[in-house]
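The values are calculated or read from the model by the stated rules, or taken from the named source; none is laboratory data. Since this is a predicted model, take the numbers as computed values, not measurements. Here Cβ is always computed from backbone atoms with ideal geometry, including for glycine, and neighbour counts include all displayed protein chains. When the accessible area is computed, the model is the full protein with side chains, heavy atoms only, and any ligands, DNA or RNA have been set aside. Shrake-Rupley method; radii C 1.70, N 1.55, O 1.52, S 1.80 Å.
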Amino acid sequence: MAFQYLSNSALGQARENYTARLVQCGFSEETETVKVQDACGRITAAPVYARICAPHYAASAMDGVAIAAEDSFGACETAPVVLGEDKFTVVDTGDPVPEGCSAVVMIEDVVKNTDGSIKLYGPAVPWQHIRQIGEDICAGEMILPSFEEVSPSAIGALIAGGVPEIQVIKKPVVGIIPTGDELVEPCTKPEEGEIPEFNSSIFASMVREWGAEAKVFPIVRDDFTEIKNSLIKALEECSMVILNAGSSAGRDDCSAAVIESVGEIVCHGLAIKPGKPAILGLRGKKAIVGVPGYPVSGIIVIEEILKPLIEKWFHRERERKKYAQAVLTKSLVSGFKYQEFIRTRLGYVGDRLMAAPLNRGSGVVSSFMKADGILEVPQGTEGYEAGERVSVRLLKPEERLKNTIVVTGSHDPLIDELAEIIHRQNEKIYLSSSHAGSMGGIMAIRRGEAHLGGCHLLDTETGLYNLSYMRRYFPDRDVKLVRCVGRQQGLMTGRGNPLKIKGFEDIVKGRYVNRQKGSGTRILADYLREKAGLAAENIKGWEREELTHTSVAAQIAGGSADFGLGIYSAAKLYDLDFLPICTEEYDLIIPDYAWNTEIVQSLIAALKSDSFRDRITRMGGYTLENPGEIIPY
């Protein structure tokens, strides 16, 4: 009887069936722990959280003098302020800011007098040129999610965040077994009938390029027993095995019989040319790919079959860089004399790629780690207006950006947890968030720049959250208000409540740290201040603003502020005392143009999942009542 392949399967179907069978048998990644310094290019196996703040103390961002900002008020060119030696401290970049100082003046702006005093020709803005505690990273924040490649900038962020080692996906070891009586080791003068064996070098380079390790075994003669023994050895030592040559119907081709003798053949014969004789086999959870001896055939089979398995092992797709046109979400001013590179968050909303600039500070390493693209501002350009189309160099694949949920609005750590859940459930979907406050989220959705935004806006007349704002800003009812969580808001203060505050009216006893204008927490704080009859100018630090709850908590834990309004989970994270004030409704605003998309519906599914409930319960300070439910308004 003439030789017959076991199958002649369409490539896509064969690949799908093969992968499903391997998964059924337990195919999955293995993990290991490595030092952060050795983690570049590795893929995280679990989320990584910062252990300390970066910086972990208030640090000078310039060489100059540290002063109390109010001591410089009123200074101008015609009436400079003179400060004696007891009113300033000389500091270098990175030095701790002395107690009582709230600004650093660059040395270039300081005029030294012969008596040791200094002269200032302009007022200092409070907290200028000072790197706040947690400016870059706050302790407890998620630095990297699962299944994320560790970049050089991420290593800096991890070390800055006090993380010494992380759990990563172990590189799969791909064993490569060359077979054939005609094969010899590479040499300069092969004899007639001898073929230098080079396929294994090609295949090894390919799998290394995809992030795996390659282990090439010695050449094996066309002998059933020898090939079987080599295959068994490779299966013991490797995660996957390539058996090269012997997959066809030649006189000495016995790869199919060998694979079948040690395991199982899922498919023998693909409907592709070259590459038809390929064998897709397995032993337990380990893949065995039999490839034809011709190098082009082998390359095609390995690219089409083995590469997807390695990608599945790492839970991510390979990245390709290119330029794309994007819509800028906020105005940027750039120095006319310089070419500037601005890191951006990117994501498609409808058919428009939105570019949200990240922190441009030279000391903020996390912004480079988080960047999806680079906006290159040419020399001679002063900047761009919000809404302008710009060319962005992509750092992430465009397909990923199309599968990215763009979130703009109120900050809450649960957004990071949702991103983690969604990506674990479907590795092709990502989430990109920027903290613009509740009103910022509403405006972004009105402009069509986001898929959703977090919102917790209190109507001080009715005591209800979000509903009146929905009616006011979305009168056409073209958005949905989706229930998320109830969360405790309160005053965070040092452990043991050192200033013995009992309520919001006591914040005049110390230094306050605020949230940015337009955030729901700031609106609540303004309401509580007015209710307590407090004037903003009588509250020390009222003008000091931070963008997140964890950043506010970090300032208090670090000692640069005594209290601030925030959520319980942030206080718990920093082991702060917490005086509850109210339980607010933190909901999600989702426009109709995004509601039926796969990525948004994946978020709704995550909201309703047990995993979300478990994570939120562990964080503390939240209540859950039908998350994912649409709230009528």
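Near the amide H of ILE405, within less than 5 Å, lie the amide hydrogens of TYR430, LEU431, SER432, all on another chain or at least 5 residues away, with H placed in the peptide plane.
Ordered from longest to shortest, the equivalent ellipsoid semi-axes for segment 1-130 are 68, 16, 12 Å, each the square root of 5 times a Cα gyration tensor eigenvalue. Start at zero, step by 10 Å, and the Cα-Cα distances of segment 101-182 spread as 12, 25, 16, 17, 14, 7, 4, 3, 2, 0 percent across the bins.
Heavy-atom accessible area for MET142, with the other protein chains in place and a 1.4 Å probe, reaches approximately 30 Å².
Could you work out how far helix 437-446 tilts from the main Cα principal axis of the chain, as a 0 to 90 degree angle to the nearest 10? Result, in degrees: 60.
Using the Karplus relation 6.51 cos²θ - 1.76 cosθ + 1.60 with θ = phi - 60°, the per-residue 3J(HN,Hα) values for segment 386-396 come to 4, x, 6, 7, 10, 8, 10, 7, 7, 9, 10 Hz, with x marking Gly and Pro. By a 1.4 Å probe calculation restricted to protein chains, LYS370 has an accessible surface near 80 Å², given to the nearest 10. On average over all directions, what projected area in square nanometres does segment 373-527 have, based on the convex hull of its Cα atoms? Across all orientations, segment 373-527 yields a mean hull projection of 13.7 nm².
Annotation: the antiparallel percentage among DSSP beta bridges lying fully within segment 221-353 is about 70.
Pulled fully out, how much extra length does the chain show between GLU388 and VAL111, if you take 0.36 nm times their separation in residues and subtract their Cα-Cα distance?
Working: separation 277, 0.36 × 277 = 99.72 nm, distance 4.22 nm.
Gain on stretching GLU388 to VAL111: 95.5 nm.
Alpha carbon centre of segment 214-238 versus segment 39-57: separation in Å? A separation of 40 Å, based on Cα centres. Projecting the Cα atoms of MET369, VAL482, GLY284 onto the charge dipole of the chain (Cβ charges, centred on the Cα centre) puts VAL482 farthest toward the positive pole. Over segment 98-137, with a single point scatterer placed on each C-alpha, what log10 of the ratio I(q)/I(0) does the Debye formula yield at q = 0.19, 0.22, 0.35 1/Å? Results for segment 98-137 at q = 0.19, 0.22, 0.35 Å⁻¹ read -0.67, -0.82, -1.18. Restricting the trypsin sites (Lys or Arg not before Pro) of segment 261-305 to loop positions (DSSP other than H, G, I, E, B) with no more than 16 neighbouring Cβ atoms within 10 Å leaves LYS285.
Taking a straight Cα-Cα cut-off under 15 Å and skipping sequence neighbours fewer than 8 places away in the same chain, the aspartates and glutamates within cross-link reach of LYS330 are GLU382, GLU385, GLU388, GLU449. Extending 7 Å from the Cα toward the beta-carbon at both LYS273 and GLN13 defines two label points whose distance is 1.9 nm.
How big is the dipole moment of the chain about its Cα centre under a simple scheme where the beta carbon of each Lys and Arg is +1, that of each Asp and Glu is -1, and everything else is neutral? Debye, nearest 20, please.
Working: 69 positive and 85 negative charges, 231 e Å.
The calculation lands at about 1120 debye.
Remark on TYR49: its backbone amide H falls under 5 Å from those of ILE143, a criterion applied only to residues 5 or more positions apart or on other chains, H modelled at 1.01 Å from N.
Checking the a/c ratio against 1.5 first, then a/b against b/c, what shape does the Cα gyration tensor give for segment 450-489? Let's see the in-between values first.
Values: a/c = 2.44, a/b = 1.20, b/c = 2.03.
Oblate, because a/c is 1.5 or more while a/b does not exceed b/c.
Measuring max minus min along each principal axis, the C-alpha atoms of segment 169-298 give extents of 43, 31, 30 Å (largest first). Values of log10 I(q)/I(0) for segment 472-559 across q = 0.21 Å⁻¹ run -1.10, by the Debye formula with one identical scatterer at each alpha carbon and no solvent. Rounded to the nearest angstrom and listed largest first, the equivalent-ellipsoid semi-axes of segment 430-516 from its Cα gyration tensor are 32, 16, 12.
Dividing the convex hull volume of the alpha carbon atoms of the chain by its residue count gives 203 Å³ per residue.
Near VAL90: Cβ cut-off under 11 Å, other residues only, Lys/Arg at +1 and Asp/Glu at -1. The net charge is -3. Distances between placed amide hydrogens fall under 5 Å for GLU629 paired with ARG483, all partners being 5 or more residues away or on another chain. If R0 is taken as 60 Å, the Cβ-Cβ distance between ASP459 and ALA257 corresponds to a FRET efficiency of 0.20.
Taking label positions 7 Å along the Cα-Cβ direction at both GLU236 and ASP86, the computed distance is 8.2 nm, reported to one decimal.
Scan segment 532-564 for GluC sites (Glu not before Pro) in coil per DSSP, keeping those whose Cβ has at most 13 other Cβ atoms within 10 Å, and list them by number.
Working: sites: GLU537, GLU543, GLU545, GLU546; in loops: GLU543.
Within segment 532-564, the qualifying GluC sites (Glu not before Pro) (loop, at most 13 other Cβ atoms within 10 Å) are GLU543.
Relative to the longest principal axis of the Cα atoms of the chain, the long axis of helix 549-558 makes an angle of roughly 70 degrees.
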